[in-house]
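Below: one structure, written as structure tokens.
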Amino acid sequence: MNDLTPGQRAWHVFKKNRAAMAGLLLIALAFFTAVFAYMLMPDDAPNANSMSLPLSLKKPGASFKVLLIPDKDKQERSGAVSGFFPGKPLVYRQIPITSYQIKADSVIVDEYVSSEDKPERRAFALNIFDNPALISNKNNFANKYIETKTFWLGSDIYGRDLLSRVILGTRISLAVGIMAVLISLVVGVTIGAVAGYYGGKTDAALSWVMNILWSLPALLLVIALSFALGKGLWQIFIAVGLSMWVEAARLVRGQVISLKQAEYIEAARALGYTNSRIITRHILPNMAGPVMVIAASNFASAILLEAGLSFLGFGAQPPVPTWGGMIREHYGYIIMDAAYLAIIPGLAIMIMVYAFNLVTTGLRDAFDIKSQNVRL
């Protein structure tokens, strides 16, 4: 154990913590889901916003046939990579049907209206389809223009696939967490290092600012920043990040105060190194462990703050799917027979925050000097 670097010793302790490793696995799975969201979603339309009001509030596992009618004003993207990040454009109108038949120059369908009403019969001319030559063969027509939609987690009040929106909501939550943590670390580490190293009036002024912001509830501070910056995803990144830097700053300040009196720092001063070099090259690298712990903790807080903002209507605006926004749209159904519409995104928030809390606990134990005095 003595021949290992501090990082290797910390990893040795961390990987022995089964709960922390389980949390890390969940986080890795969430990041994979976020990156490849549109490849995993049943509805790969932008923002999973393919709406069909007749198919609203359908139970999990419900399946329906839909007729795909080409939209002449939109061009379909080709290739598997085209819809990797933004999703594939809606180039078809989707009409739920119960049956169809081809007669002469028309396609006659029984359009699904609702579970209580009888289907409505409608006819569509063959010339509105991309390739009328396929119409002569019913099987070819069915393969291209008839699709079966299965709502594995049910559909929301607008007839959108809930599973697709929950999957895409993972991307929004993790994006907010990453950007907020980066902003909070850059601001917090910089201010904390300056306050702790220089001390005196600089420390007093910066500590006063930190104490003022520390006394404000995080959610109220984020709402105030959102009002100032406006509504939108990038505004949420900045607002959440600027509301969490105080924790990092207080931690770094305390660590810098204890480290700046160390012998190797005195030796660096004697060698004529500048203050900025001493801070960036000799002090901050020795605080990597505590900073990683606060980063993991802030990640969980950022997810909760984003969910709270979206629930209150200050987060990413529709049709962008967010877990908090989905709860806001469907919390009234908790006392009805569709409680899963709000419970499922709520469980997603709980599991993600719990995973980051497990990793935070594991990192705290891994970077504890006492816990590193274990045998291989």
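The values are calculated or read from the model by the stated rules, or taken from the named source; none is laboratory data. Here the structure is a predicted model, which means the values were calculated and not measured. Cβ: placed from backbone, ideal geometry, glycine included. Neighbour counts: every protein chain shown. Note: areas computed on protein heavy atoms with side chains; ligands, DNA, RNA excluded. Shrake-Rupley method; radii C 1.70, N 1.55, O 1.52, S 1.80 Å.
Structural remarks
- On Cα atoms only, tilt of 245-259 relative to the major axis of the chain in degrees: 30
- Where Y145, Y264 fall by accessible area, highest first, once all protein chains stay in place (1.4 Å): Y264, Y145
- Placing unit charges on the Cβ atoms of the charged side chains and taking the dipole of segment 229-344 about its Cα centre, the candidate lying farthest along the positive direction among F299, S310, A288 is A288.
- Nearest-ten-degree value, helix 162-198 long axis tilted from longest Cα axis of the chain: 20
- Accessible area in the full protein assembly, largest first, 1.4 Å probe, for I265, I212, I223: I212, I223, I265
- With R₀ set to 56 Å, the beta-carbon distance separating Y273 from L40 gives a calculated FRET efficiency near 0.65.
- Percentage relative contact order, the chain, counting C-alpha pairs under 8 Å, at least six apart: 22
- Environment charge of N17, counting only residues whose C-beta is closer than 12 Å and scoring Lys/Arg +1, Asp/Glu -1: +2
- Counted charge near M210, where neighbours are those whose Cβ lies closer than 12 Å (Asp, Glu -1; Lys, Arg +1): 0
- Assuming charge only on the beta carbon of Lys and Arg (+1) and of Asp and Glu (-1), the dipole of segment 244-376 about its Cα centre is about 620 debye to the nearest 20.
- At 1.306 mPa s and 10 °C, Stokes D of segment 219-285 from Kirkwood alpha-carbon radius, µm² per second: 111
- Computed accessible area, S243, all protein chains, 1.4 angstrom probe, square angstrom: 20
- S99-A288 FRET efficiency (beta carbon distance; Förster radius 51 Å; 0.05 resolution): 0.20
- Rg over Rh, two decimals, segment 124-225 (C-alpha only, Kirkwood Rh): 1.42
- Between helix 288-312 and the chain: long-axis angle, C-alpha atoms, 0 to 90°, nearest 10: 40
- Dipole moment magnitude, nearest 20 debye, the chain about Cα centre, only Lys, Arg, Asp, Glu C-beta charged: 720
- Antiparallel DSSP beta bridges within the chain, percent to nearest 5: 100
- Correct option for semi-axes √(5λ) of the Cα gyration tensor in Å [calculated from the coordinates] among [x] 54, 21, 19; [y] 35, 21, 19; [z] 32, 24, 21: [x]
- Cα-derived Rg over Rh, computed across segment 1-44 with Rh taken as Kirkwood radius: 1.28
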